[in-house]
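Reviewing the structure listed below.
The values are calculated or read from the model by the stated rules, or taken from the named source; none is laboratory data. Predicted, not measured: the structure shown is a model, and the values here were computed from it. All Cβ positions, even for glycine, are placed from backbone atoms using ideal geometry, and neighbour counts span all protein chains on display. We work out accessible area using only protein heavy atoms, side chains counted, and drop any ligands, DNA or RNA first. Shrake-Rupley method; radii C 1.70, N 1.55, O 1.52, S 1.80 Å.
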Amino acid sequence: MSNRTESYLVGLVGDGVMPSLTPPMHEREGDVQGLRYLYRPIDLVELGLPGESVGELLRSARNLGFNGLNITHPCKQLVLQHLDEVTPDAVRLGAVNTVVIDDGRFIGHNTDFSGFAAALSSGLPGAQLDRVVQLGAGGAGSAVAYALLTAGVRHLDLVDMDAARSAARAAELAGFFPDSTVAARTTAELPQLMPLADGLVHCTPVGMAAHPGVPLDLELLESRHWVADIVYRPIDTELVRGARAKGCKVLDGGRMAVGQAADAFRIFTGLEPDPDRMRSHFLELVAAEGVAA
């Protein structure tokens, strides 16, 4: 039986997900591929539910015939105890953002890491990956760091305001990637680190509409650096604009957003999405938001 004759019902569980661009991205790709594809946001804030309700929501989704759910903050760790199977990468990351419901079983994946890996290879082909500085070692930062090391980064400097968090993350990643060096660093060390680095990856909230600004002194950037941001609201953050002005090759945050959505679409349907088409639609959605604002 062909997948194309089926219908798909999927959802997104998390706090404040009503404005998410993931549902329209998935639905448009489904439309283009001739699928009946419906993607519903399941907003815990709107429903007055805690993150701990994710297991109950999973079981309800299964009973209602959902094909799967994307999972976001604050449920990416909480969902683990409710799954029947978890991919090895998601186990290592201790976080799941995509759950497939297959014959009543819950199978967990992490497309944050794979989405960034795809974004890096498509958006910055041939980028030097010997030494990279990463700002932010939280949940998204963990997935990005894992993707960088998987892609072949030899030396990763992890910078976080929380020294204990960056130290714990660095030690954990070093265990997974013994052939690479992962070091916990502080923001005070950036003037020494950046001249040694090939690229910079930004994984903190700085630059979001609610947190304007830049995460480091732009004077530290050189034209030879590549710069990747995972913030995509706005798509052209101050960091992205500043790096472009310096002549750096730049990866905007929309690349990761599209990468993780494309991977989730593939996992849910078994069909191959068109990431370039999905990015075009994503940029349309972001532009429309800017007009609305």
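Please work out which residue is surrounded by the most Cβ atoms within 10 Å (Cβ to Cβ), limiting yourself to segment 155-178 and to residues that are in a loop (DSSP other than H, G, I, E, B) and in contact (Cβ under 8 Å) with a residue 12 or more places away in the chain.
Step one: of segment 155-178, the residues in a loop (DSSP other than H, G, I, E, B) are 160-162, 177-178.
Pick out the ones that are also in contact (Cβ under 8 Å) with a residue 12 or more places away in the chain and you get 160-162, 177.
Numbers: Asp160: 24, Met161: 13, Asp162: 12, Phe177: 19.
Among those residues, the one meeting the criterion is Asp160.
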- Might you check whether a residue that is closer than 30 Å to Leu173 by Cα and part of a helix (DSSP H, G or I) occurs anywhere in segment 4-25? yes
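Yes or no, residue by residue, for (1) modelled with pLDDT of 95 or more; (2) within 18 Å of Val286 (Cα to Cα):
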residue	(1), (2)
Gln192	yes, no
Cys203	yes, no
Arg233	no, yes
Gly247	yes, no
Gly254	yes, yes
- Scan (1) assigned to a loop (DSSP other than H, G, I, E, B); (2) touching a residue at least 24 places away in the same chain (Cβ under 8 Å); (3) more than 17 Å from Leu120 (Cβ to Cβ) for the single condition Glu272 breaks and write down its number. (2)
- From His26, His73, grab the single residue that is in contact (Cβ under 8 Å) with a residue 12 or more places away in the chain and open to solvent by 80 Å² or more (accessible area, probe 1.4 Å). His73
- For segment 82-104 the number of residues that are open to solvent by less than 30 Å² (accessible area, probe 1.4 Å) and hydroxyl-bearing (Ser, Thr, Tyr) is 1
- Item | segment 179-206 - residue that is more than 23 Å from Ser121 (Cβ to Cβ) and touching an Asp or Glu at 6+ places or on another chain (Cβ under 6 Å) and, of those, surrounded by the fewest Cβ atoms within 10 Å (Cβ to Cβ) | Ala183
- Note on the structure: Those residues of segment 105-119 which are open to solvent by less than 10 Å² (accessible area, probe 1.4 Å) and either aliphatic (A, V, I, L, M) or part of a helix (DSSP H, G or I) (or both) amount to Thr111, Gly115, Phe116, Ala119
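Suppose we keep only residues that are touching a residue at least 12 places away in the same chain (Cβ under 8 Å) and part of a helix (DSSP H, G or I) within segment 244-259. Which one would you say is surrounded by the fewest Cβ atoms within 10 Å (Cβ to Cβ)?
Gly254
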- Taking Ala209 as the residue in question, decide whether it is surrounded by fewer than 16 Cβ atoms within 10 Å (Cβ to Cβ), at pLDDT below 95 and touching a Pro at 6+ places or on another chain (Cβ under 7 Å). yes
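Would you pick out the residues in segment 260-275 that are surrounded by fewer than 21 Cβ atoms within 10 Å (Cβ to Cβ), of a type outside the set (Val, Ile, Thr) and either at positive phi or under 17 Å from the mean Cα position of the chain (by Cα) (or both)? Write out each step before concluding.
If we filter segment 260-275 for residues that are surrounded by fewer than 21 Cβ atoms within 10 Å (Cβ to Cβ), which is where we start, we get 266-267, 270-272, 274.
With the extra rule that they be of a type outside the set (Val, Ile, Thr), the set shrinks to 266, 270-272, 274.
Across segment 260-275, the qualifying residues are Arg266, Gly270.
Tell me which residues, restricted to segment 179-227, are among the small types (Gly, Ala, Ser) and not in a loop (DSSP other than H, G, I, E, B).
Filtering segment 179-227 for residues among the small types (Gly, Ala, Ser) gives 180, 183-184, 188, 197, 199, 207, 209-210, 213, 223.
The answer is Ala183, Ala184, Ala188, Gly199.
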- Note on the structure: Selection over segment 242-290 where residues are of a type in the set (A, V, I, L, M) and in contact with a strand residue (DSSP E or B) (Cβ under 6 Å, 6 or more places away or on another chain) yields a count of 5
- Residue pairs within 9 Å by beta carbon, gap of at least six or interchain, first lying in segment 183-212 and under 19 Å from Asp252 (Cα atoms), second of a type in the set (Ser, Thr, Tyr) and open to solvent by less than 20 Å² (accessible area, probe 1.4 Å), listed first then second, are His202/Thr237; Cys203/Ser142; Val206/Thr237; Gly207/Thr237; Met208/Thr237; Pro212/Thr237
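State the number of residues belonging to segment 120-154 that are in a strand (DSSP E or B) and among the basic types (Lys, Arg).
Step one: of segment 120-154, the residues in a strand (DSSP E or B) are 131-135.
Still in the list and also among the basic types (Lys, Arg): 131.
Result for segment 120-154: 1.
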